[in-house]
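Report on the following structure.
No value in this document is a laboratory result; all are computed from the given coordinates. Here the structure is a predicted model, which means the values were calculated and not measured. No Cβ is skipped: glycine too gets one built from the backbone with ideal geometry, and neighbour counts run over all protein chains shown.
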Amino acid sequence: MSSSKVFLKINRVAAHVVALAREVTVADVHEAMGPPGRAALMSARMRPLALDQKIAGPAVTAFCWPGDNLMMHRALYLAQPGDVLVVVCQAELSGAQWGDLATRYALKKGLAGVVVQGCARDVDQVRALGLPVWSTHIYPIHPDKSGHGCVNAPVVCEGVNVCPGDLIVADGDGVIAVPRADAVRVIAAAQAKMKKEDEVAAKVAGGAAVWDLSGAAAIYAKMEIDEVDAAWDD
């Protein structure tokens with residue numbers, strides 16, 4: 001019996017929710033989720049290859065054998081325009097999961113971007129081509145294409161459970177995965193939070209202090225803190 005399984009279909013998060021998610025930030029989404037937002041954030045090792053990139057889209061998942069990216073290629077082949085490819089290789093330095101040719105094909109297909117627990121290579125070319133890619137490592141070691149694994153099954157990517165079709169949002173702060181069933185509520189809450197922060201930003205532009213607007217001043221006033229009107233070494 002095969003040790004690999006590839007699911008050919010995905011129940012994706014709705015397209016209109018993805019469109020709204022493109023307008024909010026990872027930080028907004030994280031806070032809008034409440035306590036579960038911490039568990040939805042991929043670790044700080046997951047970093048973008050280039051600056052000023054932001055994506056949102058349904059997850060297409062691949063779990064790859066050490067030193068091998070066959071299942072990544074199968075997932076890439078099955079992916080649709082607007083999808084975010086989420087690739088996991090637990091033996092992260094055993095072989096690159098992403099590179100130049102895959103980037104060119106992903107752009108041709110219209111993918112939103114790629115998230116890799118593992119290595120990306122050809123990064124100068126990938127940056128020049130413009131496809132948004134996040135990865136935990138940059139390392140050029142050549143991968144095989146003969147290993148078992150899974151496609152479009154649930155994976156754990158940088159400590160976060162990701163199911164196919166879940167909403168992936170990524171920007172300069174990192175990557176967050178929102179369960180498909182929660183996406184409508186979470187993105188609406190993130191929009192509301194973003195609107196409130198825009199209102200606060202307008203007040204700052206008008207001369208108000210973040211010290212007061214953030215609530216820090218009110219909290220500080222209730223604490224027993226000894227303020228000394230002098231330099232520490234006077």
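Structure above, values below:
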{"quantity": "Any chance VAL175 is of a type outside the set (S, T, N, Q) and without any contact (Cβ under 8 Å) to a residue 24 or more places away in the chain", "calculated": "no"}
{"quantity": "Scan of segment 211-234 for residues that are among the small types (Gly, Ala, Ser) and within 30 Å of LYS193 (Cβ to Cβ), ordered by number", "calculated": "SER214, GLY215, ALA216, ALA217, ALA218, ALA221"}
{"quantity": "Search result, residues across segment 32-46 that are surrounded by fewer than 16 Cβ atoms within 10 Å (Cβ to Cβ) and not aliphatic (A, V, I, L, M)", "calculated": "GLY34, PRO35, PRO36, ARG38, SER43, ARG45"}
{"quantity": "Selection count, segment 23-55, where residues are over 18 Å from ALA181 (Cα atoms) and in a loop (DSSP other than H, G, I, E, B)", "calculated": "14"}
{"quantity": "Criterion: in contact with a Pro (Cβ under 9 Å, 6 or more places away or on another chain), surrounded by 13 or more Cβ atoms within 10 Å (Cβ to Cβ), among the aliphatic types (A, V, I, L, M) and closer than 27 Å to MET42 by Cβ - qualifying residue of VAL186, VAL169", "calculated": "VAL186"}
